[in-house]
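J.: Please find one structure pasted underneath; my questions will follow.
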Amino acid sequence: MISAHPEWSSYKEAPIRGNLFEKWWKSRFRFVDYPFLLVYRGFGNSQKCHLQGHVFQGMALNKPKKKASAWQNFIALLKMFLVKTVAKAKVEITVNGKHYHTQTNDQGFFDLEIEGHGLSTGWHQVSYELKETLVDGQERVNVKSETLITEAFEHGLISDIDDTFLVSHVTKKPKKLFTLLTKNANTRKPVEGVVKFYKALSNGHSKSENPFFYVSSSEWNLYEFLVNFNQIHELPKGVLLLKELKDSFLDFFKSGYGSHRHKVDKIERILRLYPNQQFVLLGDNGQHDPQIYLEIAAAHPGQIKAVYIRGVKHNHWNETEGTLSQIKALEISTKQFKHSSEAFDHAKEIGLIGT
């Protein structure tokens with residue numbers, strides 16, 4: 001969730017900095033140099049929880065509509081990357097009536113671990129407030145988000161995003177850019193059959209509520225878009241763990257690429273938080289998911305129940321089968337598939353999904 005901004009009667013009253021050219025383009029795109037809090041869904045067990053977010057300055061104040069033009073979608077998406085993070089910014093977090101204080105690192109990111117939170121199982125509201133004055137006339141900068149407290153579940157789900165459940169064409173860069181530039185959360189599409197499959201995995205064998213963790217190399221800039229996409233298409237509500245926030249125009253064109261090492265670190269953090277629970281890993285063969293999941297399975301074989309890989313790239317199929325055979329040797333169920341129905345049937349066979 002992103003914090004709100006003051007209701008200026010005219011954007012001439014809003015803080016817009018820079019030379020004449022900068023002021024012109026910022027006014028043209030309704031861009032204001034005002035501080036914002038972007039906070040994410042937290043997660044934890046009965047003893048501790050993790051809360052994360054960013055502080056940045058600068059944001060465009062309009063969002064694309066369902067029937068927005070390709071140009072409007074392009075501008076709206078580009079604006080997500082035209083932000084300036086704020087280092088060493090103080091943030092107050094309120095959990096279960098208790099106040100905690102933290103500050104952002106050099107990248108404007110905060111990651112607070114709270115022990116003894118006293119929260120029961122389920123989703124809980126958390127309040128965040130910026131304790132820094134960064135512009136003249138600044139009003140209160142605050143926002144609320146949620147944190148998931150869970151511990152005893154049949155199995156946890158850890159899923160990649162691009163081309164695993166969201167059609168992204170990551171392996172075809174021009175097509176991926178075209179999709180990013182011309183569509184929004186309302187007009188992007190989930191992979192066929194994936195919503196039914198993910199809902200069934202979340203319900204499990206006994207209609208429980210198994211937690212979903214969406215771990216992706218998409219940047220935090222796309223957080224609101226991804227949350228909206230999941231809500232619109234009724235995918236299971238879950239915790240998103242993404243890649244570092246980008247603040248450059250050029251980074252927009254590199255979105256989703258680069259090192260994927262952070263995914264290993266984030267998955268291992270989840271596994272450490274729930275050491276007595278098993279997890280299902282879901283990804284695709286377009287980039288590095290099979291190798292990442294092999295590394296995870298080798299390090300934590302007792303915690304991995306199954307691995308599912310969507311075969312989106314035909315010339316990676318045989319290589320992926322070889323990687324999955326190594327995972328299978330660890331007594332972990334695996335399945336590479338083209339259609340979600342194949343994965344659904346396999347999950348039903350091994351007891352992940354009930355009748």
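The values are calculated or read from the model by the stated rules, or taken from the named source; none is laboratory data. Note that this is a predicted model, so its numbers are computed, not measured. Cβ atoms come from the backbone with ideal geometry, glycine included; neighbour counts cover every protein chain shown. What goes into the accessible areas is simple: the full protein's heavy atoms, side chains included, and nothing from ligands, DNA or RNA. Shrake-Rupley method; radii C 1.70, N 1.55, O 1.52, S 1.80 Å.
J.: Could you tell me what percent of the accessible area of the chain is made up of carbon and sulfur, with a 1.4 Å probe and every protein chain present?
T.: 50
J.: Another question, then. What does the net charge come to around ASP136 if you take all other residues with beta carbon closer than 12 Å to its beta carbon, with K and R at +1 and D and E at -1?
T.: Overall, the nearby charge balance is -2.
J.: Accessible area per residue for region 109-183 in Å², computed with a 1.4 Å probe and the full protein assembly in place, what is it?
T.: Normalised by residue count, the accessible surface of region 109-183 is 45 Å².
J.: What is the sum of charges around THR85, taking Lys and Arg as +1, Asp and Glu as -1, for the other residues whose C-beta is under 10 Å from the C-beta of THR85?
T.: Around THR85, the charge tally is -1.
J.: Defining a contact as two alpha carbons under 8 Å apart and six or more residues distant in sequence, what relative contact order in percent does the chain show?
T.: 15
J.: Something else about it: With a point put 7 Å past each Cα toward its Cβ, work out how far ALA298 is from SER46 in nm, to one decimal.
T.: 3.6
J.: Students often get this wrong: which residues of region 4-29 have the backbone nitrogen under 17 Å from the point 7 angstrom along Cα-to-C-beta of PHE74?
T.: Of the residues in region 4-29, 29 have backbone N under 17 Å from the label point off PHE74.
J.: LYS196 to ASP345: extension gain in nm, 0.36 nm per residue of separation minus the Cα-Cα distance?
T.: Length difference between fully extended and current span is 52.5 nm.
J.: So the label point goes 7 Å from the Cα of LEU134 along Cα→C-beta, right? Which residues of region 99-113 then have their backbone N under 12 Å from it?
T.: 104-105, 107-110
J.: Where Lys and Arg each count +1 and Asp and Glu each count -1, what net charge lies around PRO15 among other residues with Cβ under 12 Å from its Cβ?
T.: 0
J.: Suppose the chain between ASP265 and SER325 were pulled fully straight at 0.36 nm per residue; how much longer would it get relative to their current alpha carbon spacing?
T.: The span from ASP265 to SER325 would gain 19.3 nm if fully extended.
J.: Using a cut-off of 17 Å between alpha-carbon atoms, which lysines can reach LYS176, once sequence neighbours fewer than 8 places away in the same chain are excluded?
T.: LYS189, LYS254, LYS313
J.: Continuing with the same structure: Tell me, what is the FRET efficiency for ARG272 and LYS237 to the nearest 0.05, using R0 = 25 angstrom and their Cβ-Cβ distance as r?
T.: Working from the Cβ atoms, E equals 0.65.
J.: Also: Considering only DSSP states other than H, G, I, E and B, which trypsin sites (Lys or Arg not before Pro) in region 108-188 qualify as loop sites with at most 16 other Cβ atoms within 10 Å?
T.: Loop-located and lightly packed - LYS131, ARG140, LYS172.
J.: List the trypsin sites (Lys or Arg not before Pro) in region 308-355 that DSSP assigns to loop (not H, G, I, E or B) and whose Cβ has at most 16 other Cβ atoms within 10 Å. Which are they?
T.: Passing both the DSSP loop test and the Cβ count: LYS338.
J.: Please report, in whole Å³, the volume per residue of the convex hull around the C-alpha atoms of the chain.
T.: 137
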